[in-house]
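Trainee: Once you've had a glance at the structure underneath, I'll fire off some questions.
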Amino acid sequence: MTDNKDKLTQERNVSWRVELRNSVPAKDRTAIPRVKMTEVEPQDRIKSQTCEVNCGLSSEQAVIEARRCMDCVNPTCIEGCPVSINIPKFVKQIEAQKFLDAAATLKEYSALPAVCGRVCPQEKQCELRCFYLEKMKKEPVAIGYLERFAADYERQSGKIQIPKVAAGNGIKVAAIGSGPSSLSFAGDMIKLGYEVTVFEALHEIGGVLKYGIPEFRLPNSVVDVELENLRGMGVNFEKNFVVGRTASFEDLKELGYKAFFVGSGAGLPNFMNIPGENLNGVMSSNEYLTRVNLMYANQSDSDTPVMLGKRVAVIGGGNTAMDAVRTSKRLGAERSIIIYRRSLEEMPARLEEIKHAQEEGIEFMNLASPIEYKPDANGRVAKARLQRMQLGEPDASGRRRPVPIDGDIVELDVDLVIVAIGVSPNPLIPACLPGLKMTRYGTIEVNEETMQSSVPEIFAGGDIVRGGATVILAMGDGRRAAACMHRYLQEKYVK
Amino acid sequence: MNKIIEKYNLSENVAKFIIEAPMIAKSRKPGNFVILRVGEKGERMPLTIVDSDIEKGTITLIVQNVGVSSGKLCKLEAGDFITDLVGPLGKATHIHKAGTILALGGGVGIAPLYPIVKAFKQAGNRVFTVLAARSKDLIILENEMREWSDEVVVMTDDGSSGRKGLVTEGAEEFIKREKIDECVAIGPAIMMKFCALTTKKYDIPTQVSLNTIMVDGTGMCGACRVTVNGETKFTCIDGPEFNAHQIDFDELLQRLRAYKTEEDQAKSKK
């Protein structure tokens, strides 16, 4: 840790940064208001599933926003970042208009900067720890916007830099699943000189970044560029491959793989087990979003169908619920309604997603929870019976617990219900590894510091360990797993 | 990309493909299925593996042209490539020595039944098989089934092959004549429903293999939900085989029609 602190201090004391710091008085920096992200108008953006809502910053906006950053002696923002990006360094590079350098800095720490700049909950991480917020009660530096700016600038410049990788050490490792944790793991391991193969069960690489997060929030083309980057560094991708089924772990060991990172995700949607939940027209958010995002079911030349609804109810209050409800609006729903059992205050979705949803005319029916669905004459869902709730005492999560109001039940006309109440760990991998220790929630048990499982050569991270979290926490797991697997393999095979 | 090595048209609307897939050929077990996709905008389509040849590194699939996606697959010829193919998926059939097995196959469901019949026979069971379809040209794999069955009865709705009548009639004849220890039935959902009702009367443990709507086939989407013994199960990871006497077939039949409107529109468009 001290090593890292020393490195940060050294980098902070290079002459260009000292000069830059001294070039603008602190009070001038703090007088600059936080930049406002330009957004496509709600009435325009709801016409298209692929129209990105946030437009990004211009170079001028980015430089001014970067100028707000005080380049603190003790940059607490870094502590808020699950992958410990040297935030002041890349922000100051933007202020100095060295945009490509800023992008290179980001890529030292993160395999997916253009993705993180779009989907990270910065308000709960780096920006929450910003000097402006902590010490001055002012709006924090827009670190997320700046991250996105640098990554987008590099991509659009056509001068994409492939990060340096160490000379190959000939040791083969595998990542299972190709979502954010695996990609982050793969990026770090390839830099350390390993031969890395990422195995993906679907026909597309990217995991939740492709099948889950809609294009209006994260364009597939942005993900593809980050994947190209990893390919450029030498990462090998195998799609249509279910590790444990297509080939067993033993088969892969015979092929020379020395260690595995399991990042297979929480790919099992939860349902509420209430009457009528298996009616046609009731589906998981995973199914709905996969049909649209991965299979392009909303496009006329796609062979995959998707049910369209006029009155769409989405059950849940997380980011996935927001993604699903906003997608339904874009696919032509007249009413798109969030049904959430607590109040807006407890909603787990990012503030930005809730704000965007509200602007787009999404209705919020809070303090309500479905207890039954009823069909029409054709067996398709027609009504949702909802139990009204009130908030009681706080529960284990610290949020106030929803308590049913006796007898207060309402009926809502619906023709599509999307259940977005969370996911459970995918059982496919654990089922293939009888020796692997699991928790009672079905997640893989790991040492939290090393991400190593009960089987020494198997590491794990992301939702298969956490049971449902964020892109950036998954990426943090991938990084830690890579560092620890590196130590493990060096001790076992090199020394 | 997986290469089609050989293709045979078993009837006007049913095609058999031998496809290069060495790893799946090696790892698959009877009852497993694959998901494949034809074309970059193609749909993910589950198909049970009929057979495999480990030495040649191939698997056998049989598909009936019933819609846009199966139609696209049926148009492919030897030498063409399947865009995406993944597997083996689903739980394998529990093959064991049970004594006497009654195997009931309806229409293209005869294809997924074949590896199970073969495996039960190889495990030392007596196997009695009923093959049923609307008419003669929809009866497939008859010779192969005869090879691995002690006796085969063919039933057609129109009497154009074997005897005229339903699969359940053929089944009951065997049940009355032999002591059946277990039954396995695969075919259209409605056929499996009536097979289940028949074997239930005689208290014969019965497995069926469901071909529900699926997207990913790995547990991710839940489109394949089915109620078994009052509990919701996912066909892709909990199945595809279930205890026939515990399945809510009426719900299953309803769910199979979920995309009927969209499918009809797509068929009329293409």
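The values are calculated or read from the model by the stated rules, or taken from the named source; none is laboratory data. Just so you know, these numbers come straight off a predicted model, no measurement behind them. With ideal geometry, Cβ positions are generated from the backbone for all residues, glycine too; neighbour counts draw on all protein chains shown. All accessible areas refer to the heavy atoms of the entire protein, side chains included, with ligands and DNA or RNA removed. Shrake-Rupley method; radii C 1.70, N 1.55, O 1.52, S 1.80 Å.
Trainee: Quick one: Debye curve from the alpha-carbon atoms of the protein assembly as shown only, equal weights, vacuum; give me log10 I(q)/I(0) at q = 0.10 Å⁻¹ to two decimals.
Mentor: -1.07
Trainee: Report the Cα-based extents of segment A:1-160 along its three principal axes, largest first, to the nearest Å.
Mentor: The Cα atoms of segment A:1-160 stretch 50, 33, 27 Å along their principal axes.
Trainee: What is the P(r) of segment B:100-256, as percent of Cα-Cα pairs per 10 Å bin from 0?
Mentor: Over segment B:100-256, the share of Cα pairs per 10 Å bin runs 12, 41, 34, 13, 1 percent.
Trainee: Also: Taking 0.36 nm per residue of sequence separation and subtracting the Cα-Cα distance, how much length would be gained by fully extending the chain between residue A:372 and residue A:157, in nm to one decimal? List each step's numbers first, then the result.
Mentor: Details: separation 215, 0.36 × 215 = 77.40 nm, distance 5.32 nm.
That works out to 72.1 nm of additional length.
Trainee: Let me ask something else. Over all directions, what mean area does the Cα convex hull of segment B:171-270 project, stated in square nanometres?
Mentor: Averaging across all directions leaves 7.5 nm² for the Cα convex hull.
Trainee: Now a separate question. Straight-line reach from residue A:437: which lysines fall under 19 Å, measuring Cα to Cα and dropping same-chain residues less than 8 apart?
Mentor: none
Trainee: Got a number for the accessible area of residue A:81? Probe 1.4 Å, square angstrom, nearest 10.
Mentor: Number for this one is 20 Å².
Trainee: If you split all Cα-Cα distances of segment A:243-346 into 5 Å bins from zero, what percentages do you get per bin, shortest first?
Mentor: 2, 10, 16, 18, 15, 10, 9, 8, 6, 4, 1, 0
Trainee: Distance in nm between label sites at residue B:75 and residue B:1, each 7 Å beyond Cα in the beta-carbon direction?
Mentor: 1.9 nm
Trainee: Can I ask one more? Antiparallel as a % of all DSSP beta bridges within segment A:147-266, to the nearest 5?
Mentor: Counting DSSP beta bridges with both partners in segment A:147-266, the antiparallel share is about 0 percent.
Trainee: Using a 1.4 Å probe on the protein heavy atoms, what percent of the accessible area of segment A:396-495 belongs to carbon and sulfur? Could you put the intermediate results ahead of the total?
Mentor: Details: 2480 of 4930 Å².
So the carbon and sulfur contribution to the accessible surface is 50 percent.
Trainee: How shielded is A:245-252 by partner chains, expressed as the average number of their Cβ atoms within 10 Å of its Cβ atoms?
Mentor: Shielding by partners across A:245-252 averages 4.
Trainee: On to the next question. Can you work out ³J(HN,Hα) from phi for every residue in segment B:48-62, in order, using Karplus 6.51 cos²θ - 1.76 cosθ + 1.60 and θ = phi - 60°, giving whole Hz and x for Gly and Pro?
Mentor: 6, 6, 8, 6, 8, 10, 5, 5, 7, x, 10, 10, 10, 10, 10
Trainee: Let me spell out the model: positive unit charges on the Cβ of Lys and Arg, negative unit charges on the Cβ of Asp and Glu, origin at the Cα centre of the protein assembly as shown. What dipole size does that give, in debye rounded to 20?
Mentor: Computed charge dipole of the protein assembly as shown: roughly 1020 debye.
Trainee: Divide by every residue of chain B the summed helix terms, -39500 (n - 2.57) for each DSSP H run of at least 4, and state the resulting mean residue ellipticity at 222 nm, rounded to the nearest 500 deg cm²/dmol.
Mentor: So the calculated ellipticity at 222 nm is -8500 deg cm²/dmol.
Trainee: Once Rh is set to the Kirkwood radius over Cα pairs, what Stokes-Einstein translational diffusion coefficient, in µm²/s, holds for segment B:35-172 at a temperature of 20 °C and a viscosity of 1.002 mPa s?
Mentor: The Stokes-Einstein estimate is 131 µm²/s.
Trainee: Just the accessible area per residue of chain B, please: how many Å² with a 1.4 Å probe?
Mentor: Solvent-accessible surface per residue comes out at 42 Å².
Trainee: Let me know the whole percent of all Cα-Cα pairs from segment B:16-64 that are separated by more than 16 Å.
Mentor: 36 percent
Trainee: Moving to a separate point now. Can you pull out the chymotrypsin sites (Phe, Trp or Tyr not before Pro) in segment B:178-259 that DSSP calls coil and that have at most 14 other Cβ atoms within 10 Å?
Mentor: For chymotrypsin sites (Phe, Trp or Tyr not before Pro) across segment B:178-259 that sit outside H, G, I, E and B with at most 14 neighbouring Cβ atoms in 10 Å, the list reads B:202.
Trainee: Follow-up. For chain A, what proportion of DSSP beta bridges, expressed in % and rounded to the nearest 5, is antiparallel?
Mentor: Restricted to chain A, the bridges split so that about 40 percent are antiparallel.
Trainee: Next question. Ordered by packing density, taken as the mean number of other Cβ atoms within 10 Å over each peptide's residues, highest first, how do A:48-61, A:463-476, B:93-106, A:395-408 rank?
Mentor: A:463-476, B:93-106, A:48-61, A:395-408
Trainee: On to the next question. So if the hydrodynamic radius of segment A:74-133 is defined as the Kirkwood radius over C-alpha pairs, what does Stokes-Einstein give as its diffusion coefficient at 20 °C and 1.002 mPa s, in µm² per second?
Mentor: This corresponds to a translational diffusion coefficient of 184 µm²/s.
Trainee: Follow-up question, since we're still on this one. Across peptide B:209-221, what mean number of C-beta atoms from other chains lies inside 10 Å of a residue's C-beta?
Mentor: Average neighbour count from other chains, rounded to a whole number: 6.
Trainee: Taking 8 Å as the Cα distance limit and 6 or more residues as the minimum spacing, I'd like the relative contact order of chain A as a percentage.
Mentor: 15 percent
Trainee: Nearest 0.05, what FRET efficiency do residue A:22 and residue A:483 give at R0 = 35 Å with Cβ-Cβ as r?
Mentor: 0.45
Trainee: Another one. Per DSSP H run of at least 4 residues, take -39500 (n - 2.57); add these up for chain A, divide by its residues and hand me the 222 nm value, nearest 500 deg cm²/dmol.
Mentor: Value at 222 nm, helices only: -10000 deg cm²/dmol.
Trainee: Right, here's the next one. What does the structure give for A:302-309 when I average, per residue, the other chain Cβ atoms found within 10 Å of the residue Cβ?
Mentor: Mean shielding by partner chains, rounded to a whole number: 6.
Trainee: Moving to a separate point now. Report the antiparallel proportion of the DSSP beta bridges in segment B:100-256 as a percent, rounded to a multiple of 5.
Mentor: The antiparallel fraction comes to roughly 25 percent.
Trainee: Within segment B:214-261, list the trypsin sites (Lys or Arg not before Pro) lying in a DSSP loop whose Cβ has at most 16 other Cβ atoms in a 10 Å radius.
Mentor: In loop regions of segment B:214-261 (DSSP not H, G, I, E or B), the sparsely surrounded trypsin sites (Lys or Arg not before Pro) are B:257.
Trainee: With every protein chain kept in the model, how would you rank B:84, A:301 by accessible area, 1.4 Å probe, largest at the top?
Mentor: A:301, B:84
Trainee: Name the trypsin sites (Lys or Arg not before Pro) in segment B:23-68 that are in a loop by DSSP and that have at most 10 other C-beta atoms within 10 Å, would you? Working shown, then result.
Mentor: On the way: sites: B:26, B:28, B:37, B:41, B:44, B:56; in loops: B:28, B:41, B:44, B:56.
When the trypsin sites (Lys or Arg not before Pro) of segment B:23-68 are filtered for loop state and at most 10 Cβ neighbours within 10 Å, nothing remains.
Trainee: Related question: Around residue A:253, with a cut-off of 11 angstrom between Cβ atoms, what is the net charge of the other residues, counting Lys and Arg +1 and Asp and Glu -1?
Mentor: That sum, taken over residues with Cβ under 11 Å, equals -2.
Trainee: Give me the Kirkwood hydrodynamic radius of chain B, using the inverse of the mean 1/r over all pairs of distinct Cα atoms, in Å to one decimal.
Mentor: On the way: mean 1/r = 0.0534 Å⁻¹.
For chain B, inverting the mean 1/r across all distinct Cα pairs yields 18.7 Å.
Trainee: Follow-up question, since we're still on this one. Would you calculate the convex hull of the Cα atoms in segment B:2-89 and tell me its volume per residue in Å³?
Mentor: Taking the convex hull of the Cα positions in segment B:2-89, it is 80 Å³ per residue.
Trainee: Further, regarding this structure: Taking N as the number of residues in segment A:350-409, what is its Cα Rg relative to 2.2 N^0.38 Å?
Mentor: Cα-based Rg divided by the globular estimate yields 1.46.
Trainee: A further question follows. Going by a ≥ b ≥ c, the root eigenvalues of the Cα gyration tensor, does segment A:189-253 fall in the rounded group (a/c under 1.5), the prolate group (a/b larger than b/c) or the oblate group?
Mentor: Details: a/c = 3.21, a/b = 1.36, b/c = 2.35.
Oblate, since a/c reaches 1.5 and b/c is not below a/b.
Trainee: Starting from the eigenvalues of the Cα gyration tensor, five times each then square-rooted, give me the equivalent ellipsoid semi-axes of segment A:303-415, largest first, whole Å.
Mentor: 24, 19, 10
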